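Working notes for the structure below.
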Amino acid sequence: MRDIRVATVQFQHEPGNKSYNLDRVRHFVREAAQSAVEIIAFPEMCLTGYWHVRKLTREAFESLGEAVPDGPSSQELLRLSRERNMTIGAGLIERGDDGRFYNAYLVAMPDGKWAVHRKLHAFESTFISSGDRYTVFDTPHGCRVGVLICYDNNIIENARATALLGAEILLAPHQTGGCNSLSPRAMKPVDPAIWARRAEDPTACEAELCGPKGRGWLMRWLPSRAHDNGMFLVFSNGIGIDDDEIRTGNAMVLDPYGEIIAETRAAGDAMVVADLDASVLPTSSGRRWLRARRPELYESLTRRTGQEQDTRTVRFGESPPPP
């Protein structure tokens with residue numbers, strides 16, 4: 001890997017309004033190009049909207065799905081990528097060749113190549129299927145990139161598997177913060193009254209977004225995904241109202257030691273730019289730990305324990321729908 005400049009974005013999408021959401025992508029791509037950014041990451045399902053999809057009828061939901069890479073959103077991302085000589089990642093609903101729908105993340109590259117990751121632990125709608133493979137690929141920028149979408153990053157094995165496939169940079173698009181978690185000491189909803197007064201009382205709003213409902217929760221675990229596996233991590237997220245929840249933003253870039261290189265605490269659409277110093281990779285703790293692995297001891301990681309559950313069951317405490 002060589003040194004590379006990246007950017008990550010947080011923005012408040014409009015549910016179902018692909019035209020508006022693509023305009024926001026174009027806006028930030030133009031802004032990033034002025035700073036000579038080579039890779040930019042946008043949030044999970046930012047082109048289609050996110051949390052509202054769980055309430056849609058099947059017909060309404062399917063109307064949001066697009067083929068990858070032949071659908072209009074994918075084609076526009078590929079066009080922008082060529083035009084700006086920039087790799088662009090953004091989330092959407094993919095209509096697969098198998099007739100299923102996926103929470104997907106398209107990465108468009110300026111040489112015309114592309115990669116798509118299907119969320120491994122999908123729960124947003126009963127109409128969404130989970131993916132079944134990791135996504136790691138070479139880019140024309142001289143670096144190897146992996147993608148894990150939101151909940152995928154919570155499962156530590158996913159980050160390790162991505163690193164073992166050679167990822168030097170992990171794109172981690174999210175729609176998180178302000179979630180009503182079942183865990184009593186995990187995330188809780190952001191106070192809508194505090195969000196509504198963010199202009200009048202920005203200090204209170206920052207405390208709400210950056211406390212245990214948002215950034216504070218991320219800091220319990222997100223840096224370890226970078227540190228333990230020796231990867232740069234590019235975290236993008238939604239911000240603001242997302243149906244009946246409020247996302248907390250905190251877009252950031254972390255180095256392979258889990259240290260934050262750049263971040264934003266803005267209570268609105270924002271972008272951060274960071275320069276990745278490739279020289280820190282080889283001797284980072286995670287890279288050295290990877291070389292100290294003893295795979296012959298890890299057979300238990302691949303055996304079912306009988307405690308495994310569908311992600312929807314874990315997330316919401318409900319039984320999965322019948323097949």
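Observations on the model:
- Packing, as the average of other Cβ atoms within 10 Å across residues, places the peptides 123-129, 298-304, 104-110 in the order 104-110, 123-129, 298-304, highest first.
- With one equal scatterer per alpha carbon and no solvent term, the Debye-computed log10 I(q)/I(0) for the stretch 28-105 at 0.13, 0.21 1/Å reads -0.43, -0.92.
- 10 Å-binned pair-distance histogram of the stretch 205-262 (Cα, whole percent): 24, 49, 23, 4
- Over the stretch 191-321, volume per residue of the alpha carbon convex hull, in Å³: 143
- The chain, helix-only ellipticity at 222 nm - DSSP H runs n ≥ 4, -39,500 (n - 2.57), divided by all residues, nearest 500: -7000 deg cm²/dmol
- Stokes-Einstein D in µm²/s, Kirkwood radius over Cα pairs - the stretch 138-202 at 25 °C with 0.890 mPa s viscosity: 168
- In the context of the full set of protein chains, the chain has a per residue accessible area of 43 Å² (1.4 Å probe).
- Pairwise label distance in nanometres, ARG79 with ASP111, each label 7 Å out on the Cα-Cβ vector: 2.4
- Kirkwood hydrodynamic radius (C-alpha pairs) into Stokes-Einstein, the stretch 67-133, 25 °C and 0.890 mPa s, D in µm²/s: 203
- For the pair ALA199 and HIS27, the difference between a 0.36 nm per residue extended length and the Cα-Cα distance amounts to 59.6 nm.
- Kirkwood hydrodynamic radius over Cα pairs of the stretch 1-151, then Stokes diffusion coefficient at 20 °C and 1.002 mPa s, in µm²/s: 139
- Euclidean distance between Cα centres, the stretch 19-80 to the stretch 288-311, Å: 35
- Compactness check for the stretch 248-323: Cα Rg over 2.2 N^0.38 Å is 1.72.
- Among 92-100, 276-284, the order from most to least packed when residues are scored by Cβ within 10 Å on average: 92-100, 276-284
- Three semi-axes describe the equivalent ellipsoid of the stretch 80-172; taken as square roots of 5 times the Cα gyration tensor eigenvalues and ordered largest first, they are 22, 18, 10 Å.
- Three principal axis extents of the chain based on alpha-carbon atoms, in descending order, are 52, 47, 45 Å.
- Counting protein heavy atoms only, the stretch 201-323 has 51 percent of its accessible area on carbon and sulfur, 1.4 angstrom probe.
- Each residue, GLU296 and ASP310, gets one label point 7 Å from its Cα in the Cβ direction; the gap between the two is 4.1 nm.
- Lysine pair count for the chain (Cα-Cα distance under 28 Å; residues 8 or more apart in sequence or on different chains): 9.
- Pair THR283, GLU62: separation of 7 Å Cα→Cβ label points (nm): 5.8
- Estimated FRET transfer efficiency when R0 is 41 angstrom, pair ARG133-GLN34 (beta carbons, to 0.05): 0.70
- For the stretch 142-171 versus the stretch 181-244, the gap between their alpha-carbon centres in whole angstrom: 21
- Calculated P(r) tail over 15 Å for the stretch 6-65, as whole % of Cα pairs: 52
- For the stretch 1-107, the carbon plus sulfur part of the accessible surface works out to 41%, probe radius 1.4 Å.
- Extension gain from ARG2 to LYS188, taking 0.36 nm per residue of separation minus the Cα-Cα distance: 63.0 nm
The values are calculated or read from the model by the stated rules, or taken from the named source; none is laboratory data. Not measured: the values here are computed from a predicted model. Because the Cβ atoms are built from the backbone with ideal geometry, glycine has one as well, and the counts that use them run over all protein chains shown. Surface accessibility is based on the protein's heavy atoms, side chains included, excluding ligands, DNA and RNA. Shrake-Rupley method; radii C 1.70, N 1.55, O 1.52, S 1.80 Å.
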